[in-house]
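*Asks:* Shown below is the structure under consideration.
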Amino acid sequence: MSVIRELQADILICGAGIAGIATAYELAVVHGLRDVVVVDPRPPLSLTSDKSSECYRTWWPAGPDGAMIGLMRRSYERLSTWAAASDNRFAMNQRGYLYLTHDPAQVARWQQDATESTQYGAGSLRIHTARGDAYRPAPPQGIDPSLDGADLLWGDALHRHFSYLDRALAAGLHVRQAGWLSAQQLGMWLWEQARASGVRLLRGQLVAIEQRGGAVRAAQIALEGGAVPQRIATPRLVIAAGPMAAELAATAGLSLPIYNELHAKVAISDAQGIVPRHAPLLISDEAVHLPWSDEERALLREEPALRGLLERFPAGAHLRPDGGASSQTVLMLWPYHAERVDPPRFPPDFSAVEPEIILRGLATLLPTLLRYTERLPKPVIDGGYYSRTAENRPLIGPLSVDGLYIVGALSGYGIMAAPAAAELFALQLQGLPLPSYAAAFAPQRYAEPSYAARMAAWGDGQL
Ligand SMILES: Cc1cc2nc3c(=O)[nH]c(=O)nc-3n(C[C@H](O)[C@H](O)[C@H](O)COP(=O)(O)OP(=O)(O)OC[C@H]3O[C@@H](n4cnc5c(N)ncnc54)[C@H](O)[C@@H]3O)c2cc1C
């Protein structure tokens, strides 16, 4: 007699992050599938999906096929429809991303990227050279689907509309189909509907995937406090395990091309009101030297362990206000040293110097932030892993074991990609017509001999 108790599921989803929850919603609510079970030892959305900066954008590098633009535009369509249907329960705004540079030469690169992206539906580029009168500011709350593409603001046009920025900035690229939302509220809104449509949650950790004849047959789940694993017979298992996806696939004998990169998010209280509460996401789009006083520079030069702080740092420091009108919180991020950590460690370790480095990097956009370096407001650091592929495209679809699938490798864009990723997966599962970007995200793409060589030439577009 078996000591293992047995359950059944038609579809078992491993992971209750945004990927697993959006997938459960799609299968049960949109497609009416029954007998869907989600398994996770943690509370829903509590590992990576509540650590994000919760931003979205449809403006992505085109790559060879515009696939990321297609995916994100579909997500935006769905998110804006859901926002309208839910009385904007997840507080989606469309303030945009404002990329900034001191270097006029950067503008030619933005224009080149825009020429490629607009071919794939990213919207047009409007150029404002003087006062920028034709530029439409974004509404601080809610969305405006008529705003798309991007506005390139040169010199005075930039400073007229964004007077709080460093006067030496040469130009800004305001990407319009972009902004942020509450990922927790979005996830809970999807989850409540999935539960109401019959999706069950099992609290436990998937520890083994059983196969017979090259096909999934069952999964074993270690239940909290349970000495004996729970066996669930299932013909279809979806890996939505975020940073643990590769480990889990390995238990089925598969090697996935995924690695984990540690990314920190720093929150400080902007008690001096340096970042306007209505600001868009502000991004430094140029390599920078951190601003130090002459005295600080001399001290750093003398200390070998700290000399690196005088080197050039990469582009990508970004910040946005967080919370309602009465909040003072500002979120700051800068993956200036994205470190690979495999297997991922929990809780992750963050360097204590990170907040000051990020703050100084952002002071190249808002010099008054340097006031906070005298007495740094107590920062809250959290974050997690970008679980990603080398070319920074997700893995969505069937794996080489029959009945085994993945919705994963969602890197630093999983919140914004989840609506379209889950939809794509549900279409694949049921053999329905697929959108044009499906093949670009299918795990089988690596079987094509020239794929690795071709992808090495693409920019990954990651923040
Ligand atoms: C600092 C930071 C900033 C970010 N900013 C943004 C942003 O602005 N916009 C954006 O779109 N994205 C952003 N992201 C990325 C986004 O947060 C992730 O892509 C997304 O949360 C991944 O969701 P997931 O469901 O794949 O993984 P997770 O949220 O990690 O969920 C995976 C779940 O699987 C479960 N699990 C793992 N192994 C097992 C097992 N064996 N059995 C059962 N359950 C298991 C885990 O417990 C977990 O609950 C950011 C990420 C970070 C770290």
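*Asks:* Among (1) out of contact with any Lys or Arg (no Cβ under 8 Å at 6 or more places or on another chain); (2) away from the ligand (no atom under 12 Å from the Cβ); (3) not aliphatic (A, V, I, L, M), which single condition is Thr23 missing?
*Replies:* (2)
*Asks:* A further question follows. Would you confirm, using the coordinates I've provided, whether Gly253 is more than 23 Å from the chain's Cα centre (by Cα), farther than 20 Å from Pro335 by Cβ and in the same structural domain as Gly17 (by TED's automatic domain parsing)?
*Replies:* Criteria met by Gly253.
*Asks:* More than 28 Å from Gly383 (Cα to Cα), among the hydrophobic types (A, V, I, L, M, F, W, C) and out of contact with any Leu (no Cβ under 9 Å at 6 or more places or on another chain), is that true of Ala114? Full working, then the answer.
*Replies:* On the way: more than 28 Å from Gly383 (Cα to Cα): yes; among the hydrophobic types (A, V, I, L, M, F, W, C): yes; out of contact with any Leu (no Cβ under 9 Å at 6 or more places or on another chain): no.
No: the conditions fail for Ala114.
*Asks:* Could I ask something else about it? Just a yes or no: is a residue in the stretch 275-283 out of contact with any Cys (no Cβ under 8 Å at 6 or more places or on another chain), outside any loop (DSSP other than H, G, I, E, B), within 17 Å of Ser326 (Cα to Cα) and within 16 Å of the ligand (Cβ to nearest atom)?
*Replies:* Kept after step one, since they are out of contact with any Cys (no Cβ under 8 Å at 6 or more places or on another chain), are these residues of the stretch 275-283: 275-280, 282-283.
Then drop every residue that is not outside any loop (DSSP other than H, G, I, E, B), which leaves 282-283.
Filter once more, so that each one left must be within 17 Å of Ser326 (Cα to Cα): none.
No: zero hits.
*Asks:* If you take the residues in the stretch 422-463 that are farther than 28 Å from Pro314 by Cα and among the charged types (D, E, K, R), which one is nearest to the ligand (Cβ to nearest atom)?
*Replies:* Glu423
*Asks:* Is it true that Thr234 is in contact with a strand residue (DSSP E or B) (Cβ under 9 Å, 6 or more places away or on another chain), surrounded by fewer than 16 Cβ atoms within 10 Å (Cβ to Cβ) and among the β-branched types (Val, Ile, Thr)? Spell out how you get there, then give the answer.
*Replies:* Details: in contact with a strand residue (DSSP E or B) (Cβ under 9 Å, 6 or more places away or on another chain): yes; surrounded by fewer than 16 Cβ atoms within 10 Å (Cβ to Cβ): no; among the β-branched types (Val, Ile, Thr): yes.
No, not satisfied.
*Asks:* Still on this structure, I have one more. Condition first: within 15 Å of the ligand (Cβ to nearest atom), among the aliphatic types (A, V, I, L, M) and at negative phi. Now tell me which residues in the stretch 37-68 satisfy that. Steps first, please.
*Replies:* So in the stretch 37-68, the residues within 15 Å of the ligand (Cβ to nearest atom) come out as 37-60, 68.
Restricting the remaining residues to those that are among the aliphatic types (A, V, I, L, M) gives 37-39, 45, 47, 68.
The answer is Val37, Val38, Val39, Leu47, Met68.
*Asks:* Turning to a different aspect of this structure: Would you pick out the residues in the stretch 176-228 that are of a type in the set (Gly, Ala, Ser) and within 30 Å of Gln94 (Cβ to Cβ)?
*Replies:* We begin by selecting, within the stretch 176-228, every residue of a type in the set (Gly, Ala, Ser); these are 178-179, 182-183, 187, 194, 196-198, 204, 208, 213-215, 218-219, 222, 225-227.
Listed by number, the residues that qualify are Ala178, Gly179, Ser182, Ala183, Gly187, Ala194, Ala196, Ser197.
*Asks:* State which residue pairs qualify: first residue assigned by TED's automatic domain parsing to the domain that holds Val353 and inside the stretch 296-316, second residue small (Gly, Ala, Ser) and part of a helix (DSSP H, G or I) in any location, beta carbons under 8 Å apart, and separation of 6 or more residues or different chains.
*Replies:* Phe313/Gly361
*Asks:* Separate question: Does Ser387 satisfy being over 26 Å from Leu100 (Cβ atoms) and in contact with a Gly (Cβ under 7 Å, 6 or more places away or on another chain)? Before you say what the answer is, go through the steps one by one.
*Replies:* On the way: over 26 Å from Leu100 (Cβ atoms): yes; in contact with a Gly (Cβ under 7 Å, 6 or more places away or on another chain): yes.
Judged against the criteria, Ser387 is a match.
*Asks:* I'd like the full set of residues that are free of Cβ contacts under 8 Å to residues at least 60 places away in the same chain and surrounded by fewer than 23 Cβ atoms within 10 Å (Cβ to Cβ), limited to the stretch 67-95. Spell out the reasoning first.
*Replies:* As a first pass, look at the stretch 67-95 and keep what is free of Cβ contacts under 8 Å to residues at least 60 places away in the same chain: 69, 77, 81, 84-85, 87-88.
Those that are free of Cβ contacts under 8 Å to residues at least 60 places away in the same chain and surrounded by fewer than 23 Cβ atoms within 10 Å (Cβ to Cβ): Glu77, Thr81, Ala84, Ala85, Asp87, Asn88.
*Asks:* Continuing with the same structure: Pairs please, first residue from the stretch 403-416 and farther than 14 Å from Tyr385 by Cβ, second anywhere and part of a helix (DSSP H, G or I) and of a type in the set (S, T, N, Q), Cβ atoms under 7 Å, 6+ apart in sequence or on different chains.
*Replies:* As it stands, the answer is Val407/Thr23; Met416/Ser75, since those pairs meet every condition given.
*Asks:* For Leu290, are the conditions met, namely being over 18 Å from the mean Cα position of the chain (by Cα) and within 16 Å of the ligand (Cβ to nearest atom)? Working first, answer last.
*Replies:* On the way: over 18 Å from the mean Cα position of the chain (by Cα): yes; within 16 Å of the ligand (Cβ to nearest atom): no.
Against the criterion (over 18 Å from the mean Cα position of the chain (by Cα) and within 16 Å of the ligand (Cβ to nearest atom)), Leu290 does not qualify.
*Asks:* Would you list the strands (runs of 3 or more DSSP E) that sit entirely within the stretch 359-415 and hold 1 or more residues that are within 10 Å of the ligand (Cβ to nearest atom) and buried (at least 20 other Cβ atoms within 10 Å of the Cβ)?
*Replies:* Numbers: elements: 380-388, 395-398, 404-408.
Ranges flagged: 380-388, 404-408.
*Asks:* If Leu100 satisfies all but one of (1) at pLDDT 95 or above; (2) part of a loop (DSSP other than H, G, I, E, B); (3) more than 15 Å from the ligand (Cβ to nearest atom), what's the number of the condition it fails?
*Replies:* That leaves (2) as the condition not met.
*Asks:* Quick check on Leu7: is it over 16 Å from Leu427 (Cα atoms), surrounded by fewer than 21 Cβ atoms within 10 Å (Cβ to Cβ) and in contact with a Leu (Cβ under 9 Å, 6 or more places away or on another chain)? Spell out the reasoning first.
*Replies:* Working: over 16 Å from Leu427 (Cα atoms): yes; surrounded by fewer than 21 Cβ atoms within 10 Å (Cβ to Cβ): yes; in contact with a Leu (Cβ under 9 Å, 6 or more places away or on another chain): yes.
Spelling it out, Leu7 is indeed over 16 Å from Leu427 (Cα atoms), surrounded by fewer than 21 Cβ atoms within 10 Å (Cβ to Cβ) and in contact with a Leu (Cβ under 9 Å, 6 or more places away or on another chain).
*Asks:* Determine, yes or no, whether Ala134 is surrounded by fewer than 21 Cβ atoms within 10 Å (Cβ to Cβ), of a type in the set (A, V, I, L, M, F, W, C) and part of a loop (DSSP other than H, G, I, E, B). Explain how you work it out, then say what you get.
*Replies:* Details: surrounded by fewer than 21 Cβ atoms within 10 Å (Cβ to Cβ): yes; of a type in the set (A, V, I, L, M, F, W, C): yes; part of a loop (DSSP other than H, G, I, E, B): yes.
Criteria met by Ala134.
The values are calculated or read from the model by the stated rules, or taken from the named source; none is laboratory data. Owing to the predicted nature of the structure, the values given are computational and were not obtained by experimental measurement. Here the Cβ is made from the backbone with ideal geometry for all residues, glycine too, and neighbour counts use every protein chain on show.
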